[in-house]
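The values are calculated or read from the model by the stated rules, or taken from the named source; none is laboratory data. These figures come from a predicted structure and were not determined experimentally. Every residue, glycine among them, receives a Cβ derived from its backbone with ideal geometry; neighbour counts consider all protein chains shown.
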Amino acid sequence: NAGVTQTPKFQVLKTGQSMTLQCAQDMNHEYMSWYRQDPGMGLRLIHYSVGAGITDQGEVPNGYNVSRSTTEDFPLRLLSAAPSQTSVYFCASSYGYDRGQGYTEAFFGQGTRLTVV
Amino acid sequence: SQQGEEDPQALSIQEGENATMNCSYKTSINNLQWYRQNSGRGLVHLILIRSNEREKHSGRLRVTLDTSKKSSSLLITASRAADTASYFCATKTRYSSASKIIFGSGTRLSIRP
């Protein structure tokens, strides 16, 4: 299994450009999330999805859009890139809620390093 | 504001010593998870402890949870160079959506040979 696949691995954008970060998982996970990680900091939740057709905002959603048309894919769109969006972006997926243990472990992609100039 | 906060922010120890890092959180949780992140890589799940558990072991890892103090600790025994990484705790608040997992800012662990 490939797990969680993110593309591209690296990207440089000019201010004002738009782009889509791709995320795909082959584990039939219901739950998918996008995080950003800035130097020396933890992960901040941007958007998440509890299943196809359902998305919701996380801690830092402004400037980003998501959609979930299939279980496998959860793309993140930057509408008009700004230097403040320079960061490493991680996509994660999980089975979701398990009655025995609550929220189940998340599997992460390798990240997309985005630079906005 | 972040749900989980790790302490210390950075830790440097000699190989073979034990490493302890702590996580505090703010609201009631279903479970608490610890993850490791090697430099430039994605996070890898280490261990999950449920809110009704007090201690859990996995190999050289020992996790404790004190829900009355809203805190957890991760102990790595007999540290190795390969343990050099950042360690994060992650929590889901009891009354929020299942996938809204919040991470702390992490502890950077360095193992000196």
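When residues in segment A:4-57 are screened for being assigned to a loop (DSSP other than H, G, I, E, B) and either of a type in the set (A, V, I, L, M) or within 13 Å of chain B (Cβ to nearest Cβ) (or both), 10 of them pass.
Restricting segment A:72-103 to residues that are part of a loop (DSSP other than H, G, I, E, B) and modelled with pLDDT of 95 or more leaves a set whose member that is nearest to the other protein chains (Cβ to nearest Cβ) is A:Phe74.
On the given criteria, is A:Ala106 in contact with a Ser or Thr (Cβ under 7 Å, 6 or more places away or on another chain), within 21 Å of B:Arg41 (Cα to Cα), more than 7 Å from chain B (Cβ to nearest Cβ) and crowded, with 21+ Cβ neighbours inside 10 Å? In short, no.
Only residues that are of a type in the set (A, V, I, L, M), under 23 Å from A:Met27 (Cα atoms) and surrounded by 20 or more Cβ atoms within 10 Å (Cβ to Cβ) were counted in segment A:49-98, giving 3. Counting residues in segment B:93-105 that are within 17 Å of A:Thr104 (Cβ to Cβ), surrounded by 18 or more Cβ atoms within 10 Å (Cβ to Cβ) and modelled with pLDDT of 95 or more gives zero.
Just to be sure before I move on: is A:Met27 hydrophobic (A, V, I, L, M, F, W, C) and either under 10 Å from the mean Cα position of the chain (by Cα) or at pLDDT below 95 (or both) in the structure I sent? Show your work before the answer.
Working: hydrophobic (A, V, I, L, M, F, W, C): yes; either under 10 Å from the mean Cα position of the chain (by Cα) or at pLDDT below 95 (or both): yes.
Spelling it out, A:Met27 is indeed hydrophobic (A, V, I, L, M, F, W, C) and either under 10 Å from the mean Cα position of the chain (by Cα) or at pLDDT below 95 (or both).
I'm trying to understand the selection: among the residues of segment B:1-35, which are surrounded by 20 or more Cβ atoms within 10 Å (Cβ to Cβ) and within 14 Å of B:Thr84 (Cβ to Cβ)? Answer for segment B:1-35, where residues must be surrounded by 20 or more Cβ atoms within 10 Å (Cβ to Cβ) and within 14 Å of B:Thr84 (Cβ to Cβ): B:Ala19, B:Met21.
This table checks each residue for (1) away from every other protein chain (no Cβ under 12 Å); (2) within 25 Å of A:Leu45 (Cβ to Cβ); (3) polar (S, T, N, Q).
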| site | (1), (2), (3) |
| --- | --- |
| B:His45 | no, yes, no |
| B:Arg50 | no, yes, no |
| B:Val63 | yes, yes, no |
| B:Leu74 | yes, yes, no |
| B:Asp83 | yes, no, no |
| B:Tyr87 | no, yes, no |
| B:Thr91 | no, yes, yes |
| B:Gly106 | no, yes, no |
| B:Ser110 | yes, no, yes |
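Just checking, does segment A:62-79 include any residue being among the polar types (S, T, N, Q) and either in contact with a Gly (Cβ under 6 Å, 6 or more places away or on another chain) or touching a residue at least 24 places away in the same chain (Cβ under 8 Å) (or both)? Yes: one or more hits. When residues in segment B:56-72 are screened for being closer than 19 Å to B:Asp83 by Cα, in contact (Cβ under 8 Å) with a residue 12 or more places away in the chain and surrounded by fewer than 15 Cβ atoms within 10 Å (Cβ to Cβ), 2 of them pass.
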